[in-house]
Amino acid sequence: VINSDGLIGQVILTSGSYSQVLPYMHSMFRVSAIIEESRAYGIVSWPDEGERELVLRFIPETVEVTPGQMVYTSGFSNQYPQGIPIGTITEVESVQGVSNQLIRLEAFADLSTLAEAFIVKFEPDTTIEELNQRQEEIF
């Protein structure tokens, strides 16, 4: 689910006339993301604080990240197409004892003023699904 500003969430349940959306501002929300121009991939989630605040995790300390860079969906999760705007980096923190950075974002889309949204029909790559199933069978 998107609007003209960016990512809103994901449709998780449907019926004939209605659907249920898991918005980005939910503790169970996760999306695979990429930082513009760096090709650094991580996972965006809601930190359970702030209306438009998100966090990007699993970016190594060796990757240079600066406030103002934009973050988009990576397309690697097989749940979202690549290139949907998520947010702008506002703060980068080093976490003692951890080799990854904690990156704070401000979401582009504002859920508190949301009036309309679009459903993006996305067909997951069946090859990736088949590989995941085969991996589960092996392990």
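The values are calculated or read from the model by the stated rules, or taken from the named source; none is laboratory data. Worth saying up front: this structure is predicted, and the values here are computed from it rather than measured. Note: ideal-geometry Cβ built from the backbone for every residue, glycine included; neighbour counts use all protein chains shown. Accessible surface is based on the protein model in full, side chains and every heavy atom, while ligands, DNA and RNA are left aside. Shrake-Rupley method; radii C 1.70, N 1.55, O 1.52, S 1.80 Å.
Table: residues versus (1) within 15 Å of A107 (Cβ to Cβ); (2) free of Cβ contacts under 8 Å to residues at least 24 places away in the same chain.
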residue: S4; (1), (2): yes, yes
residue: L7; (1), (2): yes, no
residue: V11; (1), (2): no, no
residue: G16; (1), (2): no, yes
residue: Q20; (1), (2): no, yes
residue: I34; (1), (2): no, no
residue: D48; (1), (2): yes, yes
residue: V55; (1), (2): yes, no
* Please determine, by comparing only the residues of the range 110-139 that are within 20 Å of V44 (Cα to Cα) and not in a loop (DSSP other than H, G, I, E, B), which one is least open to solvent (accessible area, probe 1.4 Å). => L111
* Going through the range 69-86 one residue at a time, which ones are open to solvent by less than 30 Å² (accessible area, probe 1.4 Å) and either part of a strand (DSSP E or B) or polar (S, T, N, Q) (or both)? -> Q69, V71, T73, S74, N78, I86
* Structure fact -> Reported set for the range 6-55 where residues are modelled with pLDDT of 95 or more, of a type in the set (D, E, K, R) and open to solvent by 80 Å² or more (accessible area, probe 1.4 Å) is R30
* To do: Sort out which residues of the range 91-139 are within 30 Å of S4 (Cβ to Cβ) and without any contact (Cβ under 8 Å) to a residue 24 or more places away in the chain, and write them in order of number.
  => T113, A115, K121, E123
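Conditions (1) in contact with an Asp or Glu (Cβ under 7 Å, 6 or more places away or on another chain); (2) of a type in the set (F, W, Y); (3) part of a strand (DSSP E or B), marked per residue:
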{"position": "S4", "(1), (2), (3)": "no, no, no"}
{"position": "I12", "(1), (2), (3)": "no, no, yes"}
{"position": "G16", "(1), (2), (3)": "no, no, no"}
{"position": "V21", "(1), (2), (3)": "no, no, yes"}
{"position": "S27", "(1), (2), (3)": "yes, no, no"}
{"position": "V31", "(1), (2), (3)": "no, no, yes"}
{"position": "E37", "(1), (2), (3)": "no, no, no"}
{"position": "Y41", "(1), (2), (3)": "no, yes, yes"}
{"position": "V44", "(1), (2), (3)": "no, no, yes"}
* Asked: Within the range 89-109, restricting attention to residues that are outside any loop (DSSP other than H, G, I, E, B), of a type in the set (S, T, N, Q) and surrounded by fewer than 17 Cβ atoms within 10 Å (Cβ to Cβ), which residue is modelled with the lowest pLDDT?
  -> S94
* To do: From (1) under 18 Å from I119 (Cβ atoms); (2) surrounded by fewer than 19 Cβ atoms within 10 Å (Cβ to Cβ); (3) not hydrophobic (A, V, I, L, M, F, W, C), pick out the condition that doesn't hold for P60.
  => (1)
